[in-house]
Each structure stands twice: as structure tokens, then as C-alpha cells.
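Have a look at the structure below before the remarks.
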Amino acid sequence: ESSLTFGAELPLMFDGMKLAAVAAVLYIIVRSLNLKSPTAPPAITYQDTPLSRYLLKSCPMLSKEYVPPLLWGKSGHLQTVLYGKMGRVNTPTPCGIRKFLPMQDGATATFDLFEASGEHRTGDDITMVICPGIGNHSEKRYIRTFVDYSQRQGYRCAVLNHLGALPNVELTSPRMFTYGCTWEFGAMVDYVKQAFPQTLLVVVGFSLGGNIVCKFLGEKRSNQERVLCCISVCQGYSALRAQETFHQWDQCRRLYNFMLADKMKKLVLSHRSTFSSMASSLIGEADLNRLLAATSLTQVDDSVMRKFHGHRCLREFYEKESCVHYIHNVCVPLLLVNSLDDPLVHQSLLDIPCRLADKMPNVMFALTQHGGHMGFFEGDVLFPQPLTWMDKVIVEYTNAICHWEKKRRLCKTNSHQDTRT
């Protein structure tokens, strides 16, 4: 009789185990997708000034909730992976002209120039000078999406192609882009200023590009001439501190480190023949062979990247290439954007922009709860929209600055006229 009872209980036990397994899977999904995390407006750090009050009034996206796609958008990893693999959805194809600029060391900088689709709402000639992320260029989908949107808002766009990043474009000197070399970006900015004497500039940097543009503006005061504002998205501010965190396993950072190192290895090795054939090359076969065994960005940097500019050690390379030592010299309005769930930028690095915005009246720091690294997708449940929160907030902030500066210039002109009469 007891055996019959036990036999009858077996299906119930199996049903209970199935329910427990389903519950466990659901729990893991909810935890990994961060579904319980509430949506919230970005946390804004700023000083109370007339400009910051005007910006917060004119930029509703900085004060209203950023709502990512419901099912997966609260996972920083999925936002990051989707950006990395797909870039954007329904990507437009803006038509631009490629420019080639000879550099003093024999390198050839390239950038793509996209004219505005219509007049800017202020009536001014305004050019966005854009620096993409690590190993990126104007053909990347997130760049094309942002350029197309900016063109339609009346902005001319100039997009730097990082040295050595464009497929099927040979290097003309034994040097590639690095984390903080501003030479090519500076050459592009100089060209734009000369070609369009009336234009005003908006400086935009994505990820590594954010480090480059902030360093460029802070290196020399003259670099800020004719610059209306600067926007930096998802940068890490200090290469030295960032690399220390890249060897930690939390947020799978060590895995991302491995994948980025692999991407950089392939990029460098695609130019192996150039490094081997040029007498002026600081990169030898032994360096390239060491690069083959690299499994982290620090090993890639130590084998090759630091040697492009003759740095003696990694510490010197990271210190010299980081914008953290220059950004306090930036006087134009500066918007720094980061995401709290960015798996590439450790939260300890975010005290840099936070302290900066606390001290400097021209700096505003926007920190979102979600968005991952360069994701910031928006959407209802599953499918993301073509335009991201990031695209829209950059243009909204820029529009507000353009109107602010236009009013300021008109007030100055009127006061001069009143003085003369």
C-alpha cells in the first residue's frame, strides 16, 4: 500500500520539480535582464548658473525618464552587445565626401564631410566635428544614424576616420591611432575652420573619441576658438585607472577586455606589411609576434600602441594619453554623458566627471541608470527605435546652446550699437 502511495506521489514530485526549475529560470532571467530596475531620469550634476537653468528648461530629455525597451533594455550587457554587433537598426546612408590630409610625419589623416540637409534653425553655419569610438570610422552604423539625424537638423558633419581603422585604406606611415593622440582630429578641425570661415563648431566624442576631443580642447586655448560646446558620451576619463579595472571579472569586464584586445590585434596586424617595410617604423617583428599572444588591452598597448609615440612604459603612455589631465582647461559648455550600467566604464571612474561638474560652471554631467556602453536604445517592449536617446539628447543640448549663444551675440551687438548712439 505504501509503495502504491509513493507511486502516486511521483508525478506530483516531478511537477513540483518542474515548477521549481521554471521558477529558478525565471528568477535568473529577471536578475540577468535587470527587469525589476525602475526607469528614472538621468542624475544631473551641475552648478546653478543662468546657463545650466536655461539648459535644463530647454532640454526636457535631461529631466524626463529614459525608457529603454522593456524586455532587454535594462541589461547593460545586452545594450552593449547590441550596439557592438548591430550598431543601430534601419540605418540610413548619408552621402559624404572623403578628405585626405597629409600629416607632418608622413601619415595621412582622413575624414568624411557631410553637408547639412537644410538650414539650421538659428540661421547660423554650424559644423559638428565628430570623433568615433575605438577603431571606428564614418561607415559605422551608429555614426551614420547620428550624422543623418544631425544633417536633418541643419548641421554640417565632419567625421574623423581613426588612423588605420578604415578597411582597405593603407597607412602611409608606420603609425596608427591611439587613445589620446589628437593630431588627426586637430588636422580635421583646422581644415573645417579654413574651408568654412563663418562656421561655428560643435565637438562630439563617442567612447574613446570622448577622451580625444576633451584632451584636444584642453591642450591649447586656441583649440577652443569658434567652438560652441562639446559633448562626450561613454568615455572613461583616465586610461590608467580604466585599465586597472579591465582586469576585474565583475560585470564580465575581463571578457570585454579580451574581445577588445582581439579586435585591436586584428586591426594592427592588418597593417603588418607597412610596419615591417618602413625603415622609420618603431614596431619590429618581435613586437608583432608578442602582439599575437596578447589577451588583454594592456598587453596590446605594451607590445605596440605605446611605441607609436615612443613612450617608455605603459604608465607614461596612459598618463600622457588621458584627458583627465587636460579637461579642467576646457572653458566652453561641456556635457559629459555616462551610463551606470556600462560594463566597460567602472563606476569608480565616474567620480571624475562628477567632481568636475561640481567645480566647473561650464560642465554638466548626466548619468543614466540604463544604456550600457553606447547603447541607449529606446523602444516599447522588444524592438528598438532607429534613433537612440543618445542621438536625441546630443542634438537637443546642441540646439539649446546654439540658441543661447545666438541671443548672447545679439545682446552684445545691440549694446555696442547703443553705446555708439
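The values are calculated or read from the model by the stated rules, or taken from the named source; none is laboratory data. From a predicted model like this one, the values you see are computed outputs, not experimental measurements. Cβ sites come from the backbone with ideal geometry, for glycine too, and all protein chains shown count toward neighbours. With ligands, DNA and RNA removed, areas are computed over all heavy atoms of the protein, side chains included. Shrake-Rupley method; radii C 1.70, N 1.55, O 1.52, S 1.80 Å.
Checked against the criterion of being of a type in the set (Asp, Glu), buried (at least 19 other Cβ atoms within 10 Å of the Cβ) and outside any loop (DSSP other than H, G, I, E, B), segment 317-331 contains one or more residues that satisfy it.
Of all residues in segment 141-166, exactly one satisfies the criterion of being within 17 Å of the chain's Cα centre (by Cα) and surrounded by fewer than 20 Cβ atoms within 10 Å (Cβ to Cβ), namely ARG141. Just to be sure before I move on: is ARG31 open to solvent by 70 Å² or more (accessible area, probe 1.4 Å), outside any loop (DSSP other than H, G, I, E, B) and modelled with pLDDT of 95 or more in the structure I sent? Against the criterion (open to solvent by 70 Å² or more (accessible area, probe 1.4 Å), outside any loop (DSSP other than H, G, I, E, B) and modelled with pLDDT of 95 or more), ARG31 does not qualify.
Whether a residue is of a type in the set (A, V, I, L, M, F, W, C), outside any loop (DSSP other than H, G, I, E, B), open to solvent by 10 Å² or more (accessible area, probe 1.4 Å) and touching a residue at least 40 places away in the same chain (Cβ under 8 Å) was assessed, and LEU171 does not pass this test. Within segment 142-160, which residues are in contact with an Asp or Glu (Cβ under 7 Å, 6 or more places away or on another chain) and free of Cβ contacts under 8 Å to residues at least 60 places away in the same chain? Within segment 142-160, GLY154, ARG156, LEU160 qualify. Would you check which residues across segment 332-351 are open to solvent by less than 20 Å² (accessible area, probe 1.4 Å) and either of a type in the set (Ser, Thr, Tyr) or in contact with a strand residue (DSSP E or B) (Cβ under 7 Å, 6 or more places away or on another chain) (or both) and list them? Within segment 332-351, VAL332, PRO333, LEU334, LEU335, LEU336, VAL337, ASN338, SER339, VAL345, LEU350 meet the criteria. Among the residues of segment 119-134, is any touching a Cys at 6+ places or on another chain (Cβ under 6 Å) and open to solvent by 10 Å² or more (accessible area, probe 1.4 Å)? Yes: segment 119-134 contains one or more residues that are touching a Cys at 6+ places or on another chain (Cβ under 6 Å) and open to solvent by 10 Å² or more (accessible area, probe 1.4 Å).
I'd like the residue in segment 289-316 that is part of a loop (DSSP other than H, G, I, E, B) and polar (S, T, N, Q) and, out of all such residues, is surrounded by the fewest Cβ atoms within 10 Å (Cβ to Cβ).
Filtering segment 289-316 down to residues part of a loop (DSSP other than H, G, I, E, B) leaves 293-296, 304, 310-313.
Still in the running and polar (S, T, N, Q): 295-296.
Working: THR295: 13, SER296: 16.
Top of the filtered list is THR295.
Restricting ASP148, ASP112, ASP125 to those that are at pLDDT 95 or above, touching a Gly at 6+ places or on another chain (Cβ under 7 Å) and among the acidic types (Asp, Glu) reduces the list to ASP112.
Are any residues in segment 37-75 among the β-branched types (Val, Ile, Thr) and over 21 Å from the mean Cα position of the chain (by Cα), and if so, which ones? Quick ask: steps written out before the conclusion?
Here is the first cut: in segment 37-75, the residues among the β-branched types (Val, Ile, Thr) are 39, 44-45, 49, 67.
Within segment 37-75, THR39, THR49 meet the criteria.
The set of residues from segment 178-221 being open to solvent by less than 40 Å² (accessible area, probe 1.4 Å), over 21 Å from MET374 (Cα atoms) and either among the hydroxyl-bearing types (Ser, Thr, Tyr) or assigned to a helix (DSSP H, G or I) (or both) comprises THR182, GLU184, GLY186, ALA187, MET188, VAL189, VAL192, LYS193, THR199, PHE216, LEU217, GLY218. Taking segment 356-398 as the range and being open to solvent by 30 Å² or more (accessible area, probe 1.4 Å), of a type in the set (D, E, K, R) and closer than 20 Å to GLY205 by Cα as the test, the residues that pass are LYS392, GLU396. Residues that are more than 16 Å from the chain's Cα centre (by Cα) and either outside any helix (DSSP H, G or I) or more than 30 Å from TRP249 (Cβ to Cβ) (or both) within segment 346-370 comprise ALA357, ASP358, LYS359, MET360, PRO361, ASN362, VAL363, MET364, GLN369, listed in sequence order.
Regarding segment 371-385, can at least one residue be identified that is of a type in the set (Asp, Glu), under 30 Å from LEU269 (Cβ atoms), in contact (Cβ under 8 Å) with a residue 40 or more places away in the chain and in a loop (DSSP other than H, G, I, E, B)?
Going through segment 371-385, the residues of a type in the set (Asp, Glu) turn out to be 378, 380.
Filter again for under 30 Å from LEU269 (Cβ atoms), leaving none.
No, segment 371-385 contains no residue that is of a type in the set (Asp, Glu), under 30 Å from LEU269 (Cβ atoms), in contact (Cβ under 8 Å) with a residue 40 or more places away in the chain and in a loop (DSSP other than H, G, I, E, B).
Counting only residues that are in contact with a Leu (Cβ under 7 Å, 6 or more places away or on another chain), assigned to a strand (DSSP E or B) and open to solvent by less than 20 Å² (accessible area, probe 1.4 Å), segment 65-109 holds 1 of them. State whether one or more residues within segment 42-61 are under 17 Å from GLY379 (Cβ atoms) and open to solvent by 50 Å² or more (accessible area, probe 1.4 Å). Scanning segment 42-61 turns up no residue that is under 17 Å from GLY379 (Cβ atoms) and open to solvent by 50 Å² or more (accessible area, probe 1.4 Å).
Quick one: how many residues across segment 251-264 are open to solvent by 30 Å² or more (accessible area, probe 1.4 Å) and within 14 Å of VAL300 (Cα to Cα)? Can you show your working first?
Keep residues of segment 251-264 that are open to solvent by 30 Å² or more (accessible area, probe 1.4 Å), which gives 251-252, 254-255, 258-260, 262-263.
Okay, now just the ones that are also within 14 Å of VAL300 (Cα to Cα), so 258-260, 262-263.
Total meeting the criteria: 5.
Run GLN248 past the list (1) open to solvent by 20 Å² or more (accessible area, probe 1.4 Å); (2) in a helix (DSSP H, G or I); (3) of a type in the set (S, T, N, Q) and report the number of the one that doesn't hold. Here GLN248 meets the rest and fails (2).
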